[in-house]
Amino acid sequence: MSKPEEQVAKLHLVFPSIPKPVAVYKPAVRVGNIVYVSGHGPLKLDGGYILGCVGKDLTLDQGKEAARQTGLAILATLRNFLGSLDKVKRLVKSFGMVNCTADFKDQPKVINGYSELMKEVFGDDAGVGARSAVGHNALPNGMAVEIEAIFEVE
């Protein structure tokens, strides 16, 4: 497997601008060799977010794309925080939240948009960690998805 930065180039990934905190918290905190990344949303290149409720305003595929876009925002923050994604040893745990209708049951499929991106960038072992995927009736500012993550780093 190539190094993560090589994978980013190979996949022609384009990261959004580094998300700015909207309240009192840090986007990432390092404790020893663990980096905790705060909840991120599906930040687009134009600075806006993918908004809406999956199962009502957005389809499953649109929700999955929102989760992938959230992953790109997380990678942008992680790269900025560490200086290089090559310093990531592995993804440890992710917590994915989907803004969805009460009867929507495919939250894990939505969050796969994020998980598949992490696997593409970090590989089959290092890019697949423990994960939760849950539904919510609302997320900040009407975002479609919010994800937080924990990484082991050098």
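A short reminder: the numbers here are calculations on the coordinates, not readings from a lab. None of the values given here were measured: they were computed from a predicted structure. As a convention, Cβ positions derive from the backbone with ideal geometry for all residues, glycine included, and neighbour counts pool all protein chains shown.
Using the Karplus equation 6.51 cos²θ - 1.76 cosθ + 1.60 (θ = phi - 60°), what ³J(HN,Hα) coupling, rounded to whole Hz, does each residue of the range 94-100 give in order, writing x for Gly and Pro?
10, 10, x, 10, 10, 6, 8
Which residue, GLY52, THR77, SER2, has the largest displacement toward the positive end of the dipole of the chain when charges sit on each Cβ (Lys, Arg +1; Asp, Glu -1)?
THR77
Taking amide H atoms as placed 1.01 Å from N in the peptide plane, list the residues 5 or more away in sequence, or in a different chain, whose amide H sits under 5 Å from that of TYR49.
Distant-sequence amide H within range of TYR49: LYS44.
Work out Dmax and Rg for the range 28-67 from the C-alpha atoms and quote the Rg first, both in angstrom.
Rg and Dmax of the range 28-67, Cα atoms, are 14.0, 42 Å.
If packing is taken as the mean number of other Cβ atoms within 10 Å per residue, what is the order of 119-132, 93-106, highest first?
Numbers: 119-132: 16.9, 93-106: 19.0.
Descending mean neighbour count gives 93-106, 119-132.
Amide H of SER132 versus every other amide H placed in the peptide plane: which residues, excluding those fewer than 5 positions away on the same chain, fall under 5 Å?
The list, which skips near neighbours in sequence, is SER94, PHE95, GLY96.
Suppose every Lys and Arg Cβ carries +1 and every Asp and Glu Cβ carries -1, with no other charges. What dipole size does the range 35-154 come out with about its Cα centre, to the nearest 20 debye? Could the numbers behind the result be given before it?
Working: 13 positive and 15 negative charges, 25 e Å.
That gives the range 35-154 a dipole magnitude of about 120 debye.
Enumerate the amide H contacts of LYS89 below 5 Å, restricted to partners 5 or more residues apart or on another chain; note that Pro and chain-start residues carry no placed amide H.
HN-HN under 5 Å from LYS89: GLU152, VAL153, GLU154.
Could you give the Stokes-Einstein D for the chain in µm² per second, using the C-alpha Kirkwood radius, 20 °C, 1.002 mPa s?
On the way: Rh = 15.2 Å.
It comes out at roughly 141 µm²/s.
Using θ = phi - 60° and the Karplus curve 6.51 cos²θ - 1.76 cosθ + 1.60, what whole-Hz ³J(HN,Hα) does each residue of the range 146-151 get, with Gly and Pro shown as x?
9, 9, 10, 8, 10, 10
For the range 110-121, just list the computed ³J(HN,Hα) in residue order, Karplus coefficients 6.51, -1.76 and 1.60, θ = phi - 60°, integers in Hz, with x standing in for Gly and Pro.
Couplings: 5, 5, 4, x, 6, 4, 5, 4, 4, 5, 5, 7 Hz.
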